[in-house]
Amino acid sequence: MMAYKQGWKEHYIFLEVLRQSGVTNMFGATPYLVEHCDLDKKTAREVLQSWMSNYDQLLEDGVIPQ
């Protein structure tokens, strides 16, 4: 498992807010990152993969709200 990146904190928070909103299944979140966080598609996929892989740790560390 890759460790999450501190520099992506704002993106992780955005993804958590998106998840809680129920607007999309999180497997379809890449276009939202591209549009709202001004990321290219490759980086957006990497951020999403990191958020999914490290979700429990992000919660535990207080990076994303519960």
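With respect to Leu39, is the statement that it is in contact with a helix residue (DSSP H, G or I) (Cβ under 9 Å, 6 or more places away or on another chain), modelled with pLDDT of 95 or more and either open to solvent by less than 20 Å² (accessible area, probe 1.4 Å) or basic (Lys, Arg) (or both) true? No; evaluated as a whole, the condition is false for this residue. Residues that are touching a residue at least 12 places away in the same chain (Cβ under 8 Å) and among the aromatic types (Phe, Trp, Tyr) within region 3-35 comprise Tyr4, Trp8, Tyr12, Phe14, Tyr32, listed in sequence order.
Restricting attention to region 8-32, which residues are over 15 Å from Gln49 (Cβ atoms), under 11 Å from the mean Cα position of the chain (by Cα) and open to solvent by 90 Å² or more (accessible area, probe 1.4 Å)? Correct list: Lys9, Glu10.
In region 54-66, of all residues being open to solvent by 30 Å² or more (accessible area, probe 1.4 Å) and over 10 Å from the mean Cα position of the chain (by Cα), the one that is modelled with the lowest pLDDT corresponds to Gln66.
The values are calculated or read from the model by the stated rules, or taken from the named source; none is laboratory data. Since the structure is predicted, the reported quantities are computational estimates derived from the model, not experimental observations. Cβ atoms come from the backbone with ideal geometry, glycine included; neighbour counts cover every protein chain shown. What goes into the accessible areas is simple: the full protein's heavy atoms, side chains included, and nothing from ligands, DNA or RNA. Shrake-Rupley method; radii C 1.70, N 1.55, O 1.52, S 1.80 Å.
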